[in-house]
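This report concerns only the one structure given below.
The values are calculated or read from the model by the stated rules, or taken from the named source; none is laboratory data. Since the model is a prediction, treat every value here as computed from it, not as a measurement. Backbone-built Cβ (ideal geometry, glycine too); neighbour counts: all protein chains shown. Just so you know, the surface numbers come from the protein's heavy atoms only, side chains and all, with ligands and any DNA or RNA stripped out. Shrake-Rupley method; radii C 1.70, N 1.55, O 1.52, S 1.80 Å.
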Amino acid sequence: MLSLDDTIAAIASATGGGGRGIVRLSGPRAAECVSRCFCSADDRLPTDLRRPSAVEGEISLESLGRQLPCRVLVWPTARSYTRQPAAEVHTLASPPLLEALLRALCAAGARLAEPGEFTLRAFLAGRIDLTQAEAVLGVIDAADGRALQAALSQLAGGLASPLRQLREQLLDLLARLEAGLDFADEDIEFISAAELQELVTSVAAEVAALAAKLRERSEGTAPFTAVLVGRPNAGKSSLFNALAGEARAIVSPLPGATRDYLTAELDLAGVTVRLIDTAGTDPAAVGPAGEAQRSRDEAIRLAQLELLCLDATRPSHAWDRERLNDESHRPRLVLRTKCDVVLCDREIAQEANALSTSAATGAGLDDLRAALRAAAVSPAAETDASTLTSARCGESLRLAAECLARAAELCERRSGQELIAAELRVALDELGKVAGAVYTDDLLDRIFSRFCIGK
Ligand SMILES: Nc1nc2c(ncn2[C@@H]2O[C@H](COP(=O)(O)OP(=O)(O)OP(=O)(O)O)[C@@H](O)[C@H]2O)c(=O)[nH]1
Ligand SMILES: [Mg+2]
């Protein structure tokens with residue numbers, strides 16, 4: 001678990017030069033870390049500030065050898081984005097400078113923030129709700145962001161709005177129940193036992209269904225996926241079969257053997273990797289082959305790793321060369337296939353980062369398995385923020401569902417309304433954590449506005 005007590009730091013501005021460079025910190029020691037690398041122009045130290053303020057000054061880093069102008073923004077209290085003490089250093093947008101600054105801040109006690117961790121903190125602090133977290137996380141960074149966005153939009157989609165409605169219903173119910181308790185001596189009935197039971201039972205069922213839905217989703221999260229790509233006849237299906245351990249895919253000396261795509265789940269020393277075999281890439285393909293091409297495109301789009309198969313027994317094709325030189329690819333492994341046969345293409349033979357494999361002899365397959373496993377467990381493959389968010393929401397929903405089930409049971413036994421109210425309060429608290437709302441204020445609001453208590 002990521003600790004909320006750590007002070008985290010990260011470069012918050014866009015990568016590359018130009019504009020303004022920003023390093024952001026959040027956590028109890030934010031101001032202290034900044035003070036170690038900063039000379040203020042007016043003798044005010046970031047640690048002295050008691051209100052959100054901006055201080056002009058210079059960055060003083062030994063590694064730079066000179067001072068650079070900067071402006072430090074400090075939020076010493078909970079009035080920040082993350083509701084923790086926070087700080088930002090605004091300076092020139094020079095990547096080496098920002099990295100040196102980040103290193104110095106880490107040396108002063110901060111740690112590097114995980115992807116989306118600032119937003120995660122804002123969410124956990126109740127500053128923003130799930131839908132907003134989704135919106136923020138969705139734009140974080142394109143490479144990781146895609147996976148993050150997919151996970152979070154799945155999580156937030158359909159969850160935030162039913163949750164809001166359920167909380168509304170529960171708040172209403174609790175307000176009437178508490179009013180009844182406050183006016184116990186008077187002859188006013190705010191809610192009948194039968195109505196209470198009916199409402200509690202229905203909300204309990206809805207929350208339980210929501211909890212089950214979320215559980216289903218997090219269990220159904222797709223494993224790390226790698227896709228075999230390459231020209232027709234490059235040996236993709238043969239590798240697929242060799243790794244899957246069974247002859248699932250059709251292998252043929254004629255190009256275009258694979259029309260659709262197949263998937264296999266590999267267990268690589270406890271790590272599951274889904275492997276996809278696709279139809280060979282043939283730009284001229286039309287008709288049914290065109291269909292296969294489209295499903296291949298979709299499979300490639302969703303996979304996190306590309307296994308680019310280059311047939312070492314044939315001269316390299318323009319497509320291979322283009323693909324090799326394309327810098328915009330996602331994480332990939334280059335495979336030299338059929339290495340049991342004499343290499344005939346110098347370009348492919350010299351491709352330094354390629355792994356030599358042979359589906360026929362099994363050569364290089366252990367290395368390939370190890371490389372696949374390493375890619376699947378690498379930090380880039382993890383979506384910490386969304387996994388954590390999902391785990392946290394799941395836990396809160398589960399607890400809320402339990403409280404509501406107990407409340408429904410108490411209603412059925414016609415137990416004291418104080419006990420029922422207590423269960424409802426805890427359930428609301430848990431649901432409030434998911435939505436990022438504070439229920440007590442809402443609740444008081446409701447009681448005051450509807451029943452004018454305290455007049
Ligand atoms: N010698 C040798 N031949 C191989 C090896 N792997 C595949 N082949 C041969 O290469 C040909 C094509 O193999 P496939 O696995 O069907 O190739 P593919 O990339 O799936 O082809 P498409 O599905 O048409 O895109 C077949 O004749 C295989 O027997 C290998 O490791 N060594
Ligand atoms: Mg094939």
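Using beta carbons and a limit of 6 Å, which pairs, at least six apart or on different chains, have the first residue in segment 306-329 and within 13 Å of ligand 1 (Cβ to nearest atom) and the second one open to solvent by 20 Å² or more (accessible area, probe 1.4 Å) and β-branched (Val, Ile, Thr)?
Between residues of segment 306-329 that are within 13 Å of ligand 1 (Cβ to nearest atom) and residues that are open to solvent by 20 Å² or more (accessible area, probe 1.4 Å) and β-branched (Val, Ile, Thr), the close pairs are 313/341.
Contact list please: Cβ distance under 7 Å, first residue in segment 64-83 and under 15 Å from residue 45 (Cβ atoms), second residue open to solvent by 80 Å² or more (accessible area, probe 1.4 Å) and of a type in the set (S, T, N, Q), pairs at least six apart or on different chains.
none
In segment 84-105, what residues are in contact with a helix residue (DSSP H, G or I) (Cβ under 7 Å, 6 or more places away or on another chain) and open to solvent by 20 Å² or more (accessible area, probe 1.4 Å)?
84, 85
Do we have any residue at all in segment 274-285 that's open to solvent by 20 Å² or more (accessible area, probe 1.4 Å), more than 16 Å from ligand 2 (Cβ to nearest atom) and either at pLDDT below 85 or more than 24 Å from residue 367 (Cβ to Cβ) (or both)?
Among the residues of segment 274-285, at least one is open to solvent by 20 Å² or more (accessible area, probe 1.4 Å), more than 16 Å from ligand 2 (Cβ to nearest atom) and either at pLDDT below 85 or more than 24 Å from residue 367 (Cβ to Cβ) (or both), which makes the answer yes.
Let me spell it out: the conditions are (1) under 21 Å from residue 121 (Cα atoms); (2) modelled with pLDDT of 90 or more, and residue 57 meets all of them except one. Which number is the exception?
Single failed check for residue 57: (1).
Run residue 388 past the list (1) touching a Leu at 6+ places or on another chain (Cβ under 9 Å); (2) over 30 Å from residue 267 (Cβ atoms); (3) at pLDDT below 90 and report the number of the one that doesn't hold.
All conditions pass for residue 388, except number (2).
Counting just the residues of segment 71-83 that are open to solvent by 10 Å² or more (accessible area, probe 1.4 Å) and touching a Gly at 6+ places or on another chain (Cβ under 8 Å), which one comes out nearest to residue 429 (Cα to Cα)?
The residue in question is 83.
Being more than 11 Å from ligand 2 (Cβ to nearest atom) and open to solvent by 20 Å² or more (accessible area, probe 1.4 Å) is the filter; apply it to segment 228-246 and report the residue that is farthest from residue 357 (Cα to Cα).
That would be 246.
Residues being within 14 Å of ligand 1 (Cβ to nearest atom), under 28 Å from the mean Cα position of the chain (by Cα) and not in a loop (DSSP other than H, G, I, E, B): count how many of those fall in segment 230-278.
Qualifying residue count for the region: 5.
Does residue 105 satisfy the condition of being at pLDDT 90 or above and touching a strand residue (DSSP E or B) at 6+ places or on another chain (Cβ under 6 Å)?
yes
Do we have residue 447 as on the phi < 0 side of the Ramachandran plot, in a helix (DSSP H, G or I) and at pLDDT 85 or above here?
So residue 447 does not fit the description; no.
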